[in-house]
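**Q** Take this structure, written in structure tokens, and hold onto it; I'll ask about it next.
We did not get these values from a lab; they are worked out from the coordinates using the rules stated. Just so we're clear, the structure is a prediction, and the values are computed from it rather than from any experiment. Please note: Cβ atoms are built from the backbone with ideal geometry, for glycine as well, and neighbour counts cover all protein chains shown.
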Amino acid sequence: MTYTAPKLLTFAEFVDRYCNNPRYELADGELIDMEPTGPHETVSGKLVAQIIIAIAAEKPPWFIPRTCLIRPFAEAATARRPDIVVLDETALISEPIWEREPVITLGRSIKLVVEVVSTNWETDYARKVEEYALLGIPEYWIVDYRGLGGAAFIGKPKQPTVTVCELIDQDYTQQQFRLGKQIISPLLKSLELRLDDVLPR
């Protein structure tokens, strides 16, 4: 029996084939099926609604695109597709690909990224923390509504947790919020949100 490694994709090939398919992202040339579930989409949708309310109240020139890819490194075949991205519209003029494709390459274009944790929790808690910090994204939320993350990340006993990562210098400081606690966003001062508010019914 012969093992055949999957064909790796370049960033350009991925954008050409999968840019508008929300199911996939790219990691080091490998196509990643994110396997979204109904409850995952429920949490994402409720979060979007609450973030939009806070943006509307504060009136910065920010918006949430319907679909968006983030290219964290120019030299790597990696394209992330966060569950939620908040973009600064005034910064998009400097984005080299934005006029043709919804692809962000500059960290200053992004104000906030949110990942809703699913079975690939390791990526959200480890690799994406590094990638988003290196790109200079000021705020990153890890919304682990089922408490799937390893105990090293969310503690014991494992429980639903939102981790808010704030970029200080070049590293993220992390603050965790459990059920019943108001989530504090350094970016969105008017946000009134608890993890309880976005859980599936």
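**Q** Limiting things to C-alpha atoms, what are the Rg and the maximum Cα-Cα separation (Dmax) for the stretch 115-199, in angstroms?
**A** Final numbers for Rg and Dmax: 12.3, 33 Å.
**Q** I need the trypsin sites (Lys or Arg not before Pro) found in the stretch 1-106, filtered to DSSP loop residues with at most 12 other beta carbons within 10 Å of theirs.
**A** LYS7, ARG23, ARG66, ARG100
**Q** Send over the semi-axes of the stretch 7-51's equivalent ellipsoid, whole angstrom and largest first, taken as the square roots of 5 times the C-alpha gyration tensor eigenvalues.
**A** For the stretch 7-51, the ellipsoid semi-axes come out as 26, 11, 8 Å.
**Q** Helices from the chain with mean Kyte-Doolittle at least 0.0 and a Cα length along the axis of 15 Å or more, per DSSP H: which?
**A** Qualifying helices: 38-58.
**Q** Gap in Å between the Cα centre of the stretch 47-63 and the Cα centre of the stretch 108-172?
**A** Using only Cα atoms to place each centre, the spacing works out to 20 Å.
**Q** Treating the Cα atoms of the chain as identical point scatterers in vacuum, please give the log10 of the normalised Debye intensity I(q)/I(0) at q = 0.09, 0.11, 0.16 Å⁻¹, two decimals.
**A** Log10 I(q)/I(0), no solvent term: -0.33, -0.50, -1.07.
**Q** Continuing with this model, one more query. If I stretch the segment between ASN21 and GLU192 completely, what's the gain in nm (0.36 nm per residue apart, minus their alpha carbon distance), one decimal?
**A** Extra length available between ASN21 and GLU192 comes to 58.4 nm.
**Q** When only DSSP loop residues count, what GluC sites (Glu not before Pro) in the stretch 128-190 have their Cβ near at most 10 other Cβ atoms within 10 Å?
**A** In loop regions of the stretch 128-190 (DSSP not H, G, I, E or B), there are no sparsely surrounded GluC sites (Glu not before Pro).
**Q** Over 30 Å between Cα atoms: which of LYS46/LYS111; LYS7/LYS156; LYS59/LYS158; LYS128/LYS158; LYS158/LYS189 fall into that group?
**A** On the way: LYS46/LYS111 19 Å; LYS7/LYS156 40 Å; LYS59/LYS158 37 Å; LYS128/LYS158 21 Å; LYS158/LYS189 28 Å.
Among LYS46/LYS111; LYS7/LYS156; LYS59/LYS158; LYS128/LYS158; LYS158/LYS189, the Cα-Cα distance tops 30 Å for LYS7/LYS156; LYS59/LYS158.
**Q** Please state, rounded to one decimal and in Å, the Kirkwood hydrodynamic radius that the stretch 33-120 gives when every pair of distinct Cα atoms enters the mean of 1/r.
**A** After inverting the pairwise mean of 1/r, the radius is 14.0 Å.
**Q** Would you calculate, for the chain, the mean residue ellipticity at 222 nm contributed by helices, counting each DSSP H stretch of 4 or more residues as -39,500 (n - 2.57) and dividing by all residues, to the nearest 500?
**A** Calculated at 222 nm, the ellipticity per residue is -6000 deg cm²/dmol.
**Q** Quick check: pseudo-label points 7 Å beyond the Cα along Cα→Cβ at LYS158 and ALA57, how many nm apart are they?
**A** Modelled inter-label distance: 3.4 nm.
**Q** Related question: Please state the relative contact order of the chain as a whole percent: Cα pairs under 8 Å, 6+ residues apart?
**A** Across the chain, relative contact order equals 17 percent.
**Q** Rank ALA79, ALA27, ALA133 by mean-square fluctuation in a GNM of the chain with C-alpha springs under 10 angstrom and give only the top-ranked residue.
**A** Answer for the Gaussian network model of the chain: ALA27.
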